[in-house]
Amino acid sequence: MSIRVLSAIALVVLAIGACSHDNDSSQAGAKAKDAPPPDANVAAADMGGAVEELTGNYGPGFTGRRLIDGLTDPSWKWSEWYKEVPYPQEVLISFYERQPALIKGLTIVLPASAPDTAPATAPATEPAPMPAPKDIEVWTAMDTATARFAKAAAATLEAKPGEQTVSFSPVEARFVKLRVLSGAGKDELEISEVRVIEAARNGYTPLFVRKPRVKDWKGSPREAAQRGLDWLQHAAPTWTGTNHCFGCHVQSQALMGQAVALKQGYRVNLRSARALNEFVRGQNSWGSWWSPPLSASVFGAMGVAYAADILGIANDSGFPDMHPYAKGLLRESSNRLVERQEKDGAFPLDLQEPPIIQGQFMTTANSLVAIERAAAHSHDTTYKRYKQSAERGLAWIASHEPQTTQDKIFKIIALMHYGTPDQKRLAWSVVETLTAEQQPDGGWKENTASDGSNAIASGQVLYAFKQAGISIHSPMFRRGVDYLLKNQVNDPVPENGSWNPVHTASKRPSAFAHTMWAVIGLAGAYGPDPTGALQIVRQQGDKPPSPNLEIVLDVSGSMNTKLGESTRWKTALDVLKDVVGALPEDLNVGLRVYGHRYSSKSAETCKDSELLVPLGKLDRERILKVASRLRPRGETPLIRSVRQTVGDLRAVGGGSVILITDGEESCKGDAKAAAAELKASGLNVTLNIVGFTLTGESVEAELGALAGSTGGRYYGAQDGEQLSRAVKLAALQRLPYDILTASGQVLVSGQTSELSRELPPGKYRIRIDALGQILEEPLTIVADQTTTLGLGVEGDRFVIRR
């Protein structure tokens, strides 16, 4: 890098560092000490500048970034064997986040000529001309429409190494186009660097003062996502043109990446999107869509849907230059997918090629992308048919258990994009499962058998997390981002911006899948505006909630005691039915009982504790059926039962225990020894005890101390209604909430969790449904900060604690 380039960048960074503002608000009254250096290069890649497009390429591509990377070597070159440079060549440049800047000149740096290697004795020949631009023009505009560009300057450059600046009257612009009309030679064109020089004027606030966040651009997630997108937008159409292969992720998933990035304010190259869209549509005329396997149809339909979003295509029937089979393709493909949908709602998988083509969660979720978009642009019976198909597909996704990492991410994505509020809540348990699967390096693996993390799995997980509303500020999320940033190709090579395929099950590994999902994960998470976060947690000790719950039920003889018009036991069964019905689907639940097999006179009664329903996915029918067959008989081996829960929970890594009892320990169990044993187990166990009709301060104190030693608590209940509420207070770790805008509209809904939710900065109200008790109060979200609320219990009531 030249001394001049280094100095310019250093001065800009120093100027930005001197600015005391933390946001991007306008600084019209900036002091002189905050001003950037004169002649700042607003096109520098390290300061957020970008090459939007190069003539003849789909995007800046493999080497276009070299024009603004601050390095004079390697340079950007145009060279093809036996071909002359097709003039004019155009370079379209924009600045940080496509912001406007007042500019006064453009500097072109030409590389040093190659040394003459001809032997001294060789006959004298005319030296080859330097591969330098000759006649150039500079055009500027505030948007990319061709008609909006105005010529700012024209010049003829000298064919010599070094810097040459073309100056012009200051003009405000978002885009600068360098047009190279001719060259010193015919066969090659080479440029080391292009700089756009900012001007000064009374009343004008320099770009880097207006946007001080530019100092964080280099090495940021947005910068990494943009570089990955730049590589992808060149590589995918180039590969397609060479291989003529259709039906997989190279085209359709790349279109998804462009659609996701466009919504988040990234520089998306529409020429690249059009090329991929036209290729995908054109392949339908060859029958590639509908010959086996169906996976090609799924990817094709999904890709066409995303392309329609990017290109603003409302009705896909009007493509005059395309084969008739390409017209109306979104509707046609949706119709055929609906025809192939299985009876249970899933879309079939007839080819397995991990990690891309893997599992019916993927085929079903990607089919929904096309069908839902077709429904949005249909009416009457067609609309109804599409919506019924989508509802059946969503029902299948909601009711089936994902196995692989990819299954899990597509379940989250589909439910969050298209699901009902209840279906969306199901995604949280999958999110928490994936959180637990994060690797020590911060990434995720394709599957449990993989050797390590990779970019495809990590990008997929981060994208799914963002769709579920998880905040980018959470430590878990940031560790995943850091993994991607660390493993991106950062060297000045054609592969700059891509991610290499590692630890993958693919038999044909390439950078495409890894790069496109890394881009989707990063671009989908990081938009141009700062965000804040909200975390609402159940306050119960210092342990995170667990998806594992064991219910320990007292079936001792005293449960036969009358209670109103019923008995304690029948009341307990009614409460158990009510509570089990309220438990979320994503819990693993087990049932242990004591006092049910032997009478109180039997020598075995104090050993009478049995795990009747082992911990597993919540099976309400089985739990209630098993419990209804029991009859209260014996004593109360409460402490023995508590101790045995350790073994029950060890296989699943710990969890919560709710013990419901109407009597104190009657088998000489030592509560203090049990507490010490629970602590010594090293297992994450939280014990809550519900005393049903129990009285006496000493009993409550002893059981409260036992529960409290694990971070749990003791709840008292004297009747069925109190018992039901007490058990729910202890059992339900996640409670639903709504975030309301100032006008009272619901912005987002969620559930209490250790995971924080992302929100735009602003003032809101939070409304929590705590078992019918509605808690509501004002809330302020601050940019780049996490606001944490605790949901605690006082007596039998929930309270919000800040």
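The figures follow:
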read-out	value
The chain: calculated mean residue ellipticity at 222 nm from DSSP helix runs of at least 4, using -39500 (n - 2.57)	-11500 deg cm²/dmol
Partners for residue 507 among lysines (Cα-Cα distance below 19 Å; same-chain residues under 8 apart left out)	445
Residue 780-residue 601 FRET efficiency (beta carbon distance; Förster radius 51 Å; 0.05 resolution)	0.20
Gain upon complete extension [residue 578, residue 339; 0.36 nm per residue less C-alpha separation]	81.9 nm
Rounded if a/c under 1.5, otherwise prolate or oblate - segment 552-636, Cα gyration tensor axes	oblate
Distance histogram in 10 Å bins (all Cα pairs of segment 359-444, percent per bin)	18, 45, 26, 9, 2, 0
Lysines whose Cα lies under 29 Å from that of residue 763, excluding same-chain neighbours fewer than 8 positions away	211, 215, 263, 424, 466
Helix axis angle, 294-311 relative to the chain longest principal axis, alpha carbon, degrees	60 degrees
C-alpha center-to-center spacing [segment 347-412, segment 711-774] in angstrom	31 Å
Packing rank of 664-677, 355-368, where each peptide gets the mean count of other beta carbons within 10 Å, highest leading	355-368, 664-677
Between 0 and 90°, nearest 10: helix 421-436 axis offset from the chain longest Cα axis	80 degrees
Heavy atoms of residue 514: accessible area, 1.4 Å probe, square angstrom to 10	10 Å²
FRET efficiency, residue 560 to residue 748 (Cβ-Cβ, R0 41 Å, nearest 0.05)	0.25
Proximal aspartates and glutamates relative to residue 577, as straight alpha-carbon distance under 14 Å, when same-chain residues fewer than 8 apart are discounted	619, 621, 721
Length gained when the stretch residue 154-residue 610 is fully extended (0.36 nm per residue, less Cα-Cα span)	155.2 nm
Rounded to 10°, Cα long-axis angle of helix 221-243 versus longest principal axis of the chain	70 degrees
Pair residue 502, residue 680: separation of 7 Å Cα→Cβ label points (nm)	4.4 nm
Computed E for residue 395/residue 350 - FRET, C-beta separation, R0 25 angstrom, nearest 0.05	0.70
Rounded to 5, the percent of DSSP beta bridges in the chain classed as antiparallel	75 percent
Largest-first principal axis extents, alpha carbons of the chain, Å	119, 65, 59
Within segment 628-662, backbone nitrogen closer than 17 Å to the virtual label 7 Å beyond the Cα of residue 695 toward Cβ	662
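The values are calculated or read from the model by the stated rules, or taken from the named source; none is laboratory data. These numbers were taken from a predicted model, which means no experiment stands behind them. Note that each Cβ is placed from the backbone with ideal geometry, even for glycine, and that neighbours are counted across all protein chains shown. Side chains included, ligands, DNA and RNA excluded: accessible areas come from the protein's heavy atoms. Shrake-Rupley method; radii C 1.70, N 1.55, O 1.52, S 1.80 Å.
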